[in-house]
Each structure stands twice: as C-alpha cells, then as structure tokens.
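A.B. asks: Please find one structure pasted underneath; my questions will follow.
The values are calculated or read from the model by the stated rules, or taken from the named source; none is laboratory data. Since we're looking at a predicted model, the values are computed, not measured. Heads up, the Cβs are rebuilt from the backbone with ideal geometry, glycines too, and the neighbour counts pull from every protein chain shown.
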Number of protein chains: 2
Amino acid sequence: MARTRRLNGQRPTLEDVARGSGVSKSTVSRVINGEGKVRAEVVERVREVVAELGYVPNSAARQLVTRRNNAIAVVASQPQNRLFIDPFFDLHLRGIRKELVAHGAQPVLLFLEEEEEYPRVGDFLGGGHVDGALLFSLRAGDPLPGMVERLGLPAVFGGRPLVRGGETVRDCVYVDADNRGGAREAVRHLVSLGRERVATVTGPYDQEASAVDRLDGYRDVLLDDAAPELIERADYTRRGGAEAMAALLDRRPDLDAVFVASDLMAAGALQALRERGRRVPDDVAVVGFDDLAPIAERTDPPLTTVHQDIEGMGRLMARLLFSRTDDPALPQPTAAEPGALSSVVTPTQLVIRDTA
Amino acid sequence: MARTRRLNGQRPTLEDVARGSGVSKSTVSRVINGEGKVRAEVVERVREVVAELGYVPNSAARQLVTRRNNAIAVVASQPQNRLFIDPFFDLHLRGIRKELVAHGAQPVLLFLEEEEEYPRVGDFLGGGHVDGALLFSLRAGDPLPGMVERLGLPAVFGGRPLVRGGETVRDCVYVDADNRGGAREAVRHLVSLGRERVATVTGPYDQEASAVDRLDGYRDVLLDDAAPELIERADYTRRGGAEAMAALLDRRPDLDAVFVASDLMAAGALQALRERGRRVPDDVAVVGFDDLAPIAERTDPPLTTVHQDIEGMGRLMARLLFSRTDDPALPQPTAAEPGALSSVVTPTQLVIRDTA
DNA sequence: ATGAAAGCGCTAACAT
DNA sequence: ATGTTAGCGCTTTCAT
C-alpha cells in the first residue's frame, strides 16, 4: 500500500509520518519518545509508518529544543599510534565504552594529534554535538581542560591533568589511581625484602602526573636514600625502560632492586638486566606498575607489579559524568563549592609474582 | 567594559553577539562564516564580542538549515582490541584522518563491537550528526552497507564489503587494493624461482573479501596444481599463521614455497618453519602480503611481500567521499548509473627482500 | 488522548 | 553593506 511518500529525495520528517498515519506531529513525537498517553492502536499505526518510511529522527532538530542528544565525546590527545600500542588505553577505553553504552549513550571518539586541531575540536565540543566529554591521555599543559571549562561542557578526566605554566584548571573532575600510594607499597616491598640500593625508572614526569606521583611515592619511602643517581627518567615505552635500566647499571653497578614505573618499561628493564647478566630477582629485584595482563604475566620471570583497575576507572569516569549530565538541575561543580561531584582516586594493589 | 552578558547561565547565542556589537544577527552570521561583504571595522567589533562572550556556534541549529555540519563518521565494526593490535588499521586510519582534517572536516570515530549496538549507531548516522561515513573492517554480511544505503548517507567503504546470504549491497563505493593481482604476482614470483610445490596460508575467506581475492589470485596462477592439501585457512593473526604453517608441513612435508596472505601470519609462519628446522628461503620460500614496515622489515630473514599503499587508500576513501558530499547537486550513485563516482582498486607491488 | 502553535539558534533569500 | 523575515524538524506548553 503506497502511502504518502517523500518524492523529492529528502529524508522523511515527523510531518511525513504524521500525514502518513493521520495524526498530528505531537502524537507521532509522543510515540517516538515512548511517552505513553497514546492509544495502543495509534501507536501501532505510527510505528508501521515509521518503519515503512524509514524515518529516523533528526537529532539536530531535537537537540535544538531538548539540549541533549545522547552522545558523549571521548577525547584523547596523544599521537594515535601511541594509543594503539598501549594496552592501558585499550582497557581504559573498553571500560568507558561499556558504561556509556549501558546508559544508552553513543560514544564518539575524537583523537587530537596536532596543535592546530584544537580549535576544530573545540568547536565540535561546544557545538552541541555531545552532552559531555570524557578526556584522557592529555599532554602536560593541555588546553583541553580550560576549553571545556569555558564551554561549560560537563567533563571528566582520566588521570589528573598536569598544569603547566600559569593557567590553573579550577575544579576539574578526574579519576585517577592512587599512583603515589601504589609506588610506596612497591618500594616498601623491595625494602622489606632487605634490598638496600633501590633504584627507580620513572615515567616522563615533565609530561604526566602519574609519573610525578609514582616518583613521589618512591621518595616517600626512601627519603634521603633516594640518591639522584638511582633515579632515571624514561618515557613509558619498552625501549625507554631498557635504556634507563642500562644507564642505572652503568652508574650504580651495585644496585639490588628497581622500581619501574610501568609494566611496559619493566619488560624492557628485564631485558636489559638479562643482557647484563643480572639474575632477577636474585641479583636485582624488580617491581613494575599497571599490572597489564598481556605484559606482566608473560615476562620472564613473571612480573611483580602494582595492580590498578583500569577498566573500572574507565567505567567510573562515565558514571561520574552521568551524575552530572543526567540531572541538568545540578549546578556546574566549577563553582566555589565542589558540589556532590568530585574527583576520585582508586586504590591500587601489589601483585607479587616472581621478580620481587 | 561590561557589555551585554548572558546572566541565565545559558551559552551565548548569535543574538547575544548581535546585541553586544550593535548589529543584526545576519551580519554576525556573515562574520562568523567569513562571507566578506562586511566592513572591516564591523568585523573586528563582532570578533571582539565573540571572544569576550566565548561564543561558539550551535551546530545543531546550523545543521538544521544547511544540512551539513562538517563532521564525518569513521566506523569500524570489529572488536576494539583487534583493531588496536593491527598496524594496518593504524595506517589506514591515519590516512583517513589526514585527508579529512585537510578538508576541514572533523573525524568522528565509532566502534561497533556488539550486535545490539547497530540500532544506536544507525540512529546516530541517520540523525544528521555527520555529513557522510567512511566504513571499514566490516564483518561479512555486515548490516552497515544496507543501513547507510537506506539512510541515503554518503558513504565509502574500505575493502569490498562481503555480502552474505540474500541482501545485495547495490552500488556501494569502496576502495580496495588489487588483492587478486597482488597474490598472482606473489605466486608467479615463487614459481619463477623454480618452486614446484607452492602452498598457501589464506585469510578468513568466509569473513573477508581480501582473503577470498588473495586465494583466487593464488589459484589463478597454479590452476590444477593448487591441490586442496596445499591450502590452509587461518585468521590473519600471527598465531593462526604459525598453526596453519605447521599443519601444511604435516600434510605436505615436501612443500618448497608458501604464499602467506598477510605479513602478520607470515611472521608466524616463519617461526613455525624455524621450529621445524626448515631454512628460509633455501628449503621453503615465503612471500607475505601487506608490507607493514614494523613487521616485514624485522622478520628473520626480512620478508618478501606484496606492498599496498594503506595510508593512501585511507586518503582516497576520504577524497571519494568528499567528491560526493561537497557537491550536493550530484546524484546519489546508488541509482542505476554509477555516476562519476565508483569504486577504486589500487595497485600492489611485490617487494623482494630475503625470504623468496 | 490528541492537536495547535510557539520557539530552540541558525542561515538564506529578499529587501533596502 | 546591512537588516528583516521565514523557516529547518523537532519538543513542549497549552487547549480541547
């Protein structure tokens, strides 16, 4: 049965569905949005026409009046391939997506690689395409926190954003692991094993808060024993970990333990130790950080490391965001008062395997 | 200087900017969209107010009238971690993003993992959020081609979509490498080397067109010599390649060459050959497919393989899409006539290293 | 339970 | 060069 059809090649609108089913636009709208208060008979007829016409609501029109569109931006400002290589990112994103999808929100991914992409992404975020944003893997001093703040876009960060030079991010909400506490536990474990010259391979502490915090945790425990030559900075990559380990061994051939601030770097460090003929853990005890199964369980020997619930942190970010976007009455927590919504630091846990 | 400000906590609109700078909405709109025909003096004043108010255009409102919003969806329907592991995806996506960004379009990534995500993604794609879609890594029989067709959304596919059971994708536009030709060249090379029992490890030819095509290329050359026991199917993973190679060696210990349908699988195959004590290329010559630098250049020995310009294919997809979205006057090439726009098959090239 | 009408923020004729 | 006006497709009072 050929009902009213759009002949002009345009997509069908609410109006078309209304005509096709002999009711008003309001009624169709009610059916689409499942508002009840419509006779079952009418509901069915409208549904038929919707299917027949292939009608899909135009969310621009809808957003214009409701101010929402059920999409959440997930933003990562890091070179794409760095993200793809990193199992951390995979897990984190998985957690985020699960929770978003469970809430019926469409996750929309945005990658930022170049400096000049910020304005365009800013326009996108401010343009009403999304109800909120989840941002992570930011560079130090990233303009993103300031941008979402200015836009008044509800946002939650993964990892405490590291501010650089001047501009302070006022009340940005973030989810982060207890990096400092985890590092303390790792180093205390090494000390409790009787190790006396505990070195550390750090992350890029000029770039990432997690690296700063893990180094601070190391210092908390060792205090004055944390000699500068026992500390070597690397970049969270496997190769960087190997090189840093080699440098440490050159400077302090007598070191008997090392806290490596990520599993990936620890894998590199183990390799460097092997190449230098050091036995692990007999000569040198090693503790990593992250507990990424594909790495920590497969190193030789299996890695003692600090566990963090990465997927859970992703889910938490999403839940925190929803606590804001779901109730528009809630005030922006950017005000003086932090509101019901504040940052969360999740616990870590030492997982003892065979390297320490 | 305190000009007119929004006091109600809402985001500023065109109207606010107009009031603040003492001109009409139209003029502000012209300034925003850089249409010229506005006095420099006025332009400057408007720009000031825009900055002062932190005005960002609401693209929902804009989309409603222009039908465009400068965003392109990039859709991958594969388990997220499969994508992240695969260097192919990284390169492909890089090419796509580069071209999109060069055109001033915002790439918006959507991942599909579960069956039940399709409706939501369909609503998103049909909801006017994006001007077009670039889709790749589809599963066999994926509903996506049918969906975008029905929505009338301009789309270009990466890799020829494999139809399964019934529904044919009418005139879907895709970019694909000359998989069949490349495979032919690879196998011909092995034959020209004097190899007489050339086996093949195929991709999942029940799932991906590329696997079908590469197998067809192998058969094209060998004709009746392509005995069933010389053909072993795998899944484009390293482990799968190793297992398939082992199976082939069990069945035909006398094989003297193998065409492996991806570099990742070839890496696995080389390992299996080594474990079985076969020398490469002396005992068994090996040719791969893809020419992914991080793999092909680092295998031992370096891999002879079929090169395809993956990043270029990504860029091409984007360009093809723009040729459609840029000129709305152009008819949908879904009509009987293919129009100026049709699929592109890009050439491949044999890269001879040390395994054949 | 249903319809009529207003309006979300913007652009695009059409005036001037 | 600038302003006025009429919608884009939808939701949402407010009537009925």
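The rows are residues; the columns are (1) farther than 26 Å from A:SER26 by Cα; (2) within 16 Å of DNA strand D (Cβ to nearest atom); (3) free of Cβ contacts under 8 Å to residues at least 24 places away in the same chain.
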| site | (1), (2), (3) |
| --- | --- |
| A:ARG67 | no, yes, no |
| A:LYS98 | yes, no, no |
| A:GLU116 | yes, no, yes |
| A:HIS129 | no, yes, no |
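A.B. asks: Given (1) surrounded by fewer than 19 Cβ atoms within 10 Å (Cβ to Cβ); (2) touching a Gly at 6+ places or on another chain (Cβ under 6 Å), where does B:GLN80 come up short, assuming only one miss?
C.D. replies: Only one criterion is unmet by B:GLN80, namely (2).
A.B. asks: Would it be correct to say that A:ARG19 is modelled with pLDDT under 90 and either of a type in the set (Ser, Thr, Tyr) or more than 9 Å from DNA strand C (Cβ to nearest atom) (or both)? If you could, list the steps in order and put the result at the bottom.
C.D. replies: Details: modelled with pLDDT under 90: no; either of a type in the set (Ser, Thr, Tyr) or more than 9 Å from DNA strand C (Cβ to nearest atom) (or both): yes.
Spelling it out, it is not the case that A:ARG19 is modelled with pLDDT under 90 and either of a type in the set (Ser, Thr, Tyr) or more than 9 Å from DNA strand C (Cβ to nearest atom) (or both).
A.B. asks: Of the conditions (1) modelled with pLDDT of 90 or more; (2) more than 30 Å from the chain's Cα centre (by Cα), B:LEU91 fails just one. Which one is it?
C.D. replies: It is condition (2) that B:LEU91 fails.
A.B. asks: Pick from the stretch A:341-352 the residues that are out of contact with any helix residue (DSSP H, G or I) (no Cβ under 7 Å at 6 or more places or on another chain) and over 30 Å from A:PRO281 (Cα atoms): which of them is modelled with the highest pLDDT?
C.D. replies: Narrowing the stretch A:341-352 to residues out of contact with any helix residue (DSSP H, G or I) (no Cβ under 7 Å at 6 or more places or on another chain): A:342-343, A:345, A:347, A:349, A:351-352.
Checking which are over 30 Å from A:PRO281 (Cα atoms) leaves us with A:342-343, A:345.
Values: A:SER342: 85, A:SER343: 90, A:VAL345: 96.
Step by step, filter the stretch A:341-352, then rank; the result is A:VAL345.
A.B. asks: Being outside any helix (DSSP H, G or I), more than 16 Å from DNA strand C (Cβ to nearest atom), within 10 Å of chain B (Cβ to nearest Cβ) and at pLDDT 90 or above narrows it down to one of A:PRO57, A:PRO107, so name that one.
C.D. replies: Step by step, each of A:PRO57, A:PRO107 is checked, and only A:PRO107 is outside any helix (DSSP H, G or I), more than 16 Å from DNA strand C (Cβ to nearest atom), within 10 Å of chain B (Cβ to nearest Cβ) and at pLDDT 90 or above.
A.B. asks: Applying the selection to the stretch A:156-173, what residues are touching a Pro at 6+ places or on another chain (Cβ under 8 Å) and modelled with pLDDT of 95 or more?
C.D. replies: Within the stretch A:156-173, A:PHE157 is the sole residue that qualifies.
A.B. asks: Considering only residues of the stretch A:30-45 that are part of a helix (DSSP H, G or I) and more than 14 Å from every other protein chain (Cβ to nearest Cβ), which is nearest to DNA strand D (Cβ to nearest atom)?
C.D. replies: A:ARG30
A.B. asks: OK, next. So which residues in the stretch B:60-75 are more than 7 Å from DNA strand C (Cβ to nearest atom) and either among the aromatic types (Phe, Trp, Tyr) or buried (at least 17 other Cβ atoms within 10 Å of the Cβ) (or both), if there are any at all? Full working, then the answer.
C.D. replies: So the first thing to find is which residues in the stretch B:60-75 are more than 7 Å from DNA strand C (Cβ to nearest atom), and the list is B:60, B:63, B:67-75.
B:ALA60, B:GLN63, B:ARG68, B:ASN69, B:ASN70, B:ALA71, B:ILE72, B:ALA73, B:VAL74, B:VAL75, listed by residue number.
A.B. asks: Shifting gears a bit: Tell me whether the stretch A:69-84 contains one or more residues that are of a type in the set (S, T, N, Q), facing chain B (nearest Cβ under 8 Å), in contact with a helix residue (DSSP H, G or I) (Cβ under 6 Å, 6 or more places away or on another chain) and over 22 Å from B:GLY128 (Cβ atoms). Outline the logic, then answer.
C.D. replies: First, the residues of the stretch A:69-84 that are of a type in the set (S, T, N, Q): A:69-70, A:77-78, A:80-81.
Imposing the further condition that a residue be facing chain B (nearest Cβ under 8 Å) reduces the set to A:69, A:80-81.
Retained after the next criterion (residues that are in contact with a helix residue (DSSP H, G or I) (Cβ under 6 Å, 6 or more places away or on another chain)): A:69, A:81.
Within this subset, residues satisfying the condition of being over 22 Å from B:GLY128 (Cβ atoms) are A:81.
Scanning the stretch A:69-84 turns up at least one residue that is of a type in the set (S, T, N, Q), facing chain B (nearest Cβ under 8 Å), in contact with a helix residue (DSSP H, G or I) (Cβ under 6 Å, 6 or more places away or on another chain) and over 22 Å from B:GLY128 (Cβ atoms).
A.B. asks: Then there's this: Taking B:VAL50 and the conditions (1) surrounded by 16 or more Cβ atoms within 10 Å (Cβ to Cβ); (2) facing another protein chain (nearest Cβ under 9 Å); (3) out of contact with any Leu (no Cβ under 8 Å at 6 or more places or on another chain), which numbered condition does it fall short on, given that it satisfies the others?
C.D. replies: Every condition holds for B:VAL50 apart from (2).
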